[in-house]
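Okay, structure first, notes after.
Derivation of every value follows stated rules applied to the coordinates shown; laboratory data play no part. Remember, it's a predicted structure, so these values are computed and weren't measured experimentally. Neighbour counts run over all protein chains shown; Cβ positions are idealised from the backbone, glycine included.
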Amino acid sequence: MRRRPFIRLLAAAACAALLGTTAACGDGTDSGAEGSATVRLGFSAWPGWFPWQVAQEKGLFEANGVDVELTWFDSYTDSLQALSTGNLDANSQTLNDTLTSVSGGAEQTIVLVNDNSTGNDQIIAAPDVADVAGLRGRKVAVEQGTVDHYLLLLALERAGLSEEDVTLTPLLTDAAAAAFVAGQVDAVGAFAPFTTTALERPGSRAIATSKDFPGAIPDHLAFDGAYVREHPEQVQQVVQTWFDTLEWIAANEAEAVAIMARRGGVSEADYRTYNAGTTIFTREQNLAAFSPGGDATHLDFQADRIAEFLVRTELAPSKPSLDGLFDPTFVQAVT
């Protein structure tokens, strides 16, 4: 779940930049990254990140010789803030949110593409809303500044509408899904597993999904930039563990689904419905995504588009620099 307003995340990133250190602002917490081999890795409720739970439970971090302190966040934006303020060394997050943090002054480096959202981010509407054009004048609940806010704006633009044509109801994603089920709003922007909640409203259905906008919502492993420079061996071991975990999942599918569904708080049957909506990237897909290119399959192209969106919607004060944001060397070195 995402619980903190966007402005607080920007303030946290700016605070970390002002201090010029990875120490957290205001709470006196030492980041512990300096001279430490431990990787403090955060993740939250998204199907593309649940494999980290498998890695932990099956001892795959240890098998690669890396000490990982894996932290689950009920609040996705709390995890973003934790990385920006130095309370994590790495976090699982979207490209949108990484760019938001960078625009606020945080130094972060993307070392791995976990997945692309290919349907698990959705705009779900009441039975009497036929399509996105039918949202004109309707109440739409979404968590502002999130990828589902981005998806909503992309869908509205394609339908010839803008945010001004709807009544935006800003709510946390879990609360937005609940409000939709209760009939308090006409549509909701949500991501799995909260899409499962939203679709409990009789007759509701997705009228736009991330599948309609290929490459628009990539999900990554982002490290604090200083940690990458100081501890490249640990970064490599974590990236290697990710691909080893994917191999383990492929060989032990039933047990893996049980672990990931339990972490997500959903049934195994519901978890399996998320498979098509989250495309986990292979090493080859990672290498292609990291390479420069002129369409949405390439990170540099997509990052430029997202950065423009963030500035246009005043979600970021200025277009963030992409210098040093993408580092493919760790994926390249995977064996």
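Under DSSP H, which helices of the chain have Cα atoms covering 18 Å or more of the helix axis and a Kyte-Doolittle average no less than 1.6?
Qualifying helices: 6-19.
Roughly speaking, what is the stretch gain from Ala288 to Val334, that is 0.36 nm per residue apart minus the C-alpha to C-alpha distance, in nm to one decimal?
15.1 nm
What does the charge add up to near Glu247, with Lys and Arg as +1, Asp and Glu as -1, over the other residues with Cβ less than 15 Å from its Cβ?
Combined, the nearby Lys, Arg, Asp and Glu give -2.
Treating the range 282-335 as a set of equal point scatterers at the Cα positions, no solvent, please give the Debye-formula log₁₀ I(q)/I(0) at q = 0.17 Å⁻¹.
-0.59
Which whole-Hz couplings ³J(HN,Hα) result when phi for each residue of the range 210-219 is put into the Karplus expression 6.51 cos²θ - 1.76 cosθ + 1.60, θ = phi - 60°, listed in order with x for Gly and Pro?
5, 5, 6, 10, x, x, 5, 10, x, 10
Amide H neighbours of Val166 under 5 Å, at least 5 residues apart or on other chains, H built in the peptide plane: list them.
Long-range HN contacts for Val166: Gly137.
Ordered by residue, what ³J(HN,Hα) values in Hz, to whole numbers, does the range 318-332 give under the Karplus form 6.51 cos²θ - 1.76 cosθ + 1.60, where θ = phi - 60° and Gly and Pro are x?
Rounded to whole hertz, the list is 7, 5, x, 6, 9, 4, x, 6, 10, 10, x, 5, 6, 5, 4.
Sorting check: for 271-283, 206-218, which peptide has the highest mean count of neighbouring beta carbons within 10 Å, and how do the rest follow?
The densest-packed peptide leads the list: 206-218, 271-283.
Residue separation times 0.36 nm, minus the C-alpha to C-alpha distance between Ser267 and Arg229: what's the value?
Once the chain is fully extended between Ser267 and Arg229, it gains 9.6 nm.
Given H placed on each backbone N at 1.01 Å, which residues far from Ala159 in sequence or on other chains put an amide H within less than 5 Å of it?
The answer is none.
Return the sequence-ordered ³J(HN,Hα) values of the range 61-68 in whole Hz as given by the Karplus equation 6.51 cos²θ - 1.76 cosθ + 1.60 applied to θ = phi - 60°, using x for Gly and Pro.
4, 4, 4, 9, x, 10, 8, 10
Would you calculate the separation in nanometres between label points at Ala37 and Ala258, each defined as 7 Å from the Cα along the Cα-to-beta-carbon direction?
3.3 nm
If I take R0 = 22 Å and measure r between the Cβ atoms of Ala182 and Ala133 in this structure, what FRET efficiency does the formula 1/(1 + (r/R0)^6) give, to the nearest 0.05?
Taking R0 as 22 Å, the efficiency between Ala182 and Ala133 is 0.35.
Order of 101-114, 223-236, 124-137 by packing, highest average Cβ count within 10 Å first?
Sorting 101-114, 223-236, 124-137 by mean packing, highest first, produces 101-114, 223-236, 124-137.
If you look at just the Cα atoms of the range 67-192, how large are its Rg and its Dmax in Å?
In Å, with Rg to one decimal and Dmax whole: 16.2, 52.
Can you give the Rg to Rh ratio of the chain, both from alpha-carbon atoms, with Rh computed by the Kirkwood formula?
0.95
Semi-axes of the range 121-212's equivalent ellipsoid from the Cα gyration tensor, sqrt of 5 times each eigenvalue, largest first, rounded to whole Å?
Those come to 17, 14, 12 Å.
If we count every other residue with Cβ under 11 angstrom of Phe281's Cβ, Lys/Arg +1 and Asp/Glu -1, where does the sum land?
-2
Normalised by the residues of the chain, what does the relative contact order come to in percent, with Cα pairs under 8 Å and at least six apart?
25 percent
I want to verify a result. In a Gaussian network model of the chain, Cα cutoff 10 Å, which of these has the top mean-square fluctuation: Thr173, Thr195, Thr71?
So, out of Thr173, Thr195, Thr71, the one fluctuating most is Thr71.
At a threshold of 8 angstrom on Cα-Cα distance, excluding pairs fewer than six apart, so keeping six or more, what relative contact order does the range 121-212 reach in percent?
Reported as a whole number, the value is 46 percent.
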